[in-house]
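First comes the structure, then the notes that go with it.
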Amino acid sequence: MRYFKSIIVSTFLIFLFPDFDVHAQKPLMDHIFAADPSAHIWPNDPNTLWLYTSHDIPGTNHHATMFGYHVFSTTDLVNWIDHGRVLSVNDVDWAVSHAWAIDAVYRNGQYYLVYCMIETATGMFRTGLAVSDLPQGPFTDIGFIQGVDWGQDPALFVDDDNTPYLFWGSGGRCHAVQLTDDLMAAIPETRVELTSQLPDVFEGPWVHTYQGKYYLSYPGLPNGNWPQHYYYAVADKPLGPYTYKGVFISGFTGQSGTNHGSIIKFKDQWIAFYHAAIVSGGMSEVRNLMADFLFYNADGSIQEIVPGNLSITNGQDTRVSILLEAENGKAAGGKLTGTHVSSSTTGYSGRGYVTGFDVSHDNVSVLAQVANDCTARLIVRLSADDNFTADVLVGVKMMDGWEGTPMRKTNGWEEVDLGMIDLKGGDNIIRFTCKKNVNLKVDWFKLEM
Ligand code: FUB
């Protein structure tokens, strides 16, 4: 596993603080710096758990640099797919920066990303909506929710009667409001401020139901002091009033200043997702995903969680593949040069595949984002009517890749193993150039970590 950077930092911490136990807490994944996990199971697929997360940029240790969002999925909690970047500040006309916390919702047959970014015109956080016909995105921005100012850390809760409610909060305040059916506006007369009902609240509300009650969990500052602990309160109705119940995650070794996440039931087990700073070795704004089972007492109270014991995988390390659909283009950080998306040949995944490699410089590129320098196996799913030569570039310079890689004709769609590649911590462009017109179709790139 790729702990080299954190091992160096941890060695320092052990030297300085002999009680620091680097093995006590385990990250859910260590291949990427991601935070604010919002967990969902969509109605048409109870076997798949989805995580929608923000993304921390390696080396910056500053929330202001956050630029885009990732989606992850799993069916067994051990094997995970990182679907890559699904929306970035670049794709949102009204926003300038701060791709902070995030949620998602399924409504009327479409998947919505509910996110916050700083609006260029006003300098305030807005709650944006972006839409996709697939849960893994990528997503297309459709504007921000009207009537929600400083809409940081949105959580969109849809009640059993299909009524949508938005919760949000930052800087020690928490608000909630009912939304219009199309999600695009707050209904002003329903707006409530929940701050006084949520002791120590700081930001990041999340609502789930258990045994007919509404549970509002939130990161708070105990007596105003950092780092955050995880609190919850319970109500009979989504907009409250809420009764404070206590803390279910206290301070722990390896935590970041913040701990914002979500709670969900998957395959009959309750799970708390949150984040920490274990992989970055304690850089508080360079965070990794965490997950633990969550249990209730008979009276409905939540038992305190022992962070990072990886109970959800029986203590095993997770296995991650980064799956980058060739057709996803700009929203996923990729680019099509001289090529185009098609869906006329069946058997592809996602929305289609990239084809039209007619002249020798036509290419497709995808973006792979990783936490630290590492190696991964690169597999490309493609179809080619004849043998051809490819240039496969990883990084920014041709010398980082393989010029003139011989590729053979396939029998329809095939997964072609290109071997191990080196990735740099941060952004990696993988560009695939076909040097001859062989009716090439490229479905996806997979990086097995
Ligand atoms: O990830 C950036 C910010 O840090 C989030 O919006 C907050 O919830 C905190 O986790």
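Every number here is computed from the coordinates shown, using simple stated rules; none is lab data. Note that the structure is predicted; figures quoted are calculated from it, not measured. Note that we place each Cβ from the backbone using ideal geometry, even for glycine, and neighbour counts take in every protein chain shown.
Descriptive notes on the structure:
- Alpha-carbon centroid distance for the pair the stretch 334-384 / the stretch 25-93, whole angstrom: 21 Å
- Per principal axis, descending, Cα span of the stretch 333-397 in whole Å: 38, 26, 22
- Calculated diffusion of the chain, Stokes-Einstein form, Kirkwood radius summed over Cα pairs, 20 °C and 1.002 mPa s, µm²/s: 95 µm²/s
- GNM flexibility winner over the chain from Met29, Met283, Met407 (Cα, springs under 10 Å): Met407
- Taken as Cα centroids, the stretch 102-158 and the stretch 169-198 sit 15 Å apart, rounded to the nearest whole angstrom.
- Relative to the longest principal axis of the Cα atoms of the chain, helix 4-16 runs at roughly 40 degrees.
- Shown is the FRET efficiency for Ser360 and Glu193, computed with R0 = 41 Å from the Cβ-Cβ distance and rounded to the nearest 0.05: 0.10.
- Calculated FRET value between Trp270 and Asn90, using beta carbons and R₀ = 45 Å, to 0.05: 0.75
- With each label modelled as a point 7 angstrom along the Cα→C-beta vector, the Arg377-Ser250 pair spans 4.4 nm.
- Residue order, fewest to most surrounding Cβ atoms within 10 angstrom, among Arg408, Arg126: Arg408, Arg126
- Principal semi-axes of the equivalent ellipsoid, √(5λ) from the alpha carbon gyration tensor of the stretch 157-281, are 25, 17, 14 Å from largest down.
- Ordering Asp93, Asp443 by the number of other Cβ atoms within 10 Å of each residue's own Cβ, fewest first, gives Asp93, Asp443.
- Estimated FRET transfer efficiency when R0 is 45 angstrom, pair Ile142-Tyr296 (beta carbons, to 0.05): 0.75
- For the stretch 204-272, average projected area of the Cα convex hull in nm²: 5.2 nm²
- Contact order for the stretch 324-448, expressed relative to its length and based on alpha carbon pairs under 8 Å spaced 6+ residues apart, stands at 37 percent.
- Residue of Ser342, Ser38, Ser262 that the Gaussian network model of the chain assigns the largest fluctuation, springs spanning Cα pairs under 10 Å: Ser342
- If you run the Gaussian network model on the chain, springs between alpha carbon atoms under 10 Å, then out of Gly251, Gly419, Gly169 the most flexible one is Gly419.
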